[in-house]
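Shown next, in structure tokens, is the structure this report addresses.
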Amino acid sequence: MDVDSQPTMDETILVGDDLMMGPPSPVVPPEIASHVLQGVDLCDGILRNLFLCLQINDIEPFCQDELALYKQCAERRDKEIRKRLQDSEFKLGSSMPLDEAKGRASQLEAEVTSLERRLILASGVEGIEGFRQRWSLHGRLTDSKNRLQFLKQGIDGRKKDKKMRDQILDVAIVAFAIYPGIGVTAMPARNT
């Protein structure tokens with residue numbers, strides 16, 4: 001493999017705080033964790049190597065490769081997990097009983113409201129601790145809003161599908177009334 005064809009790393013010294021440049025890792029609800037996390041590289045081996053390097057060398061400038069590898073792996077992992085969370089919420093919204101889906105939507109709305117309030121309170125905390133709280137809460141708030149949006153899209157899609165099935169059934173009823181002998185022996189019952 002040609003070394004020149006490899007992407008080059010910037011000549012910047014990374015520190016632990018550089019891992020907080022993007023959004024924080026998403027929080028995965030326990031009820032869908034097994035499905036969402038299945039087959040995802042959690043970067044635990046790379047993180048273990050980073051901690052080992054920091055333990056041996058005691059300072060970050062001597063662990064640049066490990067920091068860069070973990071940062072890249074974590075960004076890939078978080079992107080995949082967010083996509084899977086959104087897909088799972090959409091599927092739940094379109095497949096679970098409507099009352100349960102609406103209950104889940106209400107629960108997510110309450111979570112969003114709580115996170116918004118906590119973010120407002122965290123705006124009064126100064127220094128690095130305030131930054132970390134706001135960074136974490138903002139990431140969780142954004143992820144929760146996205147999950148809620150995809151859950152509602154799944155619920156709305158179900159309603160549109162039901163409406164379309166009802167319209168097709170209405171057309172079929174009219175067709176059978178006009179042409180009673182078209183050869184269909186059984187007609188599905190309408191769910192109301």
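The values are calculated or read from the model by the stated rules, or taken from the named source; none is laboratory data. If you're wondering where the values come from, they're calculated on a predicted model, not measured in any experiment. Backbone-built Cβ (ideal geometry, glycine too); neighbour counts: all protein chains shown. Just so you know, the surface numbers come from the protein's heavy atoms only, side chains and all, with ligands and any DNA or RNA stripped out. Shrake-Rupley method; radii C 1.70, N 1.55, O 1.52, S 1.80 Å.
Data table
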item: Added length on full extension, which subtracts the Cα-Cα distance from 0.36 nm per residue, Leu52 to Met20; result: 9.5 nm
item: Theoretical gain in end-to-end length, Ala68 to Leu169 [0.36 nm per residue, Cα-Cα removed]; result: 30.5 nm
item: Under 20 Å from the Cα of Lys152 - aspartates and glutamates, other chains or at least 8 residues apart; result: Glu31, Asp87, Glu89, Asp99, Glu100, Glu109, Glu111, Glu116, Asp143, Asp161
item: Å² of accessible area per residue within segment 16-178, as computed with a 1.4 Å probe and no ligands counted; result: 63 Å²
item: Mean-position separation - Cα centroids, segment 89-150 and segment 14-33, in angstrom; result: 15 Å
item: D_trans [Stokes-Einstein, Kirkwood Rh over alpha-carbon pairs] for segment 16-178, 20 °C, 1.002 mPa s, µm² s⁻¹; result: 114 µm²/s
item: Packing-based ranking, highest mean first, of 122-131, 138-147 given that Cβ atoms within 10 Å are counted; result: 138-147, 122-131
item: Segment 16-178 - percent of accessible surface contributed by carbon and sulfur, probe 1.4 Å; result: 58 percent
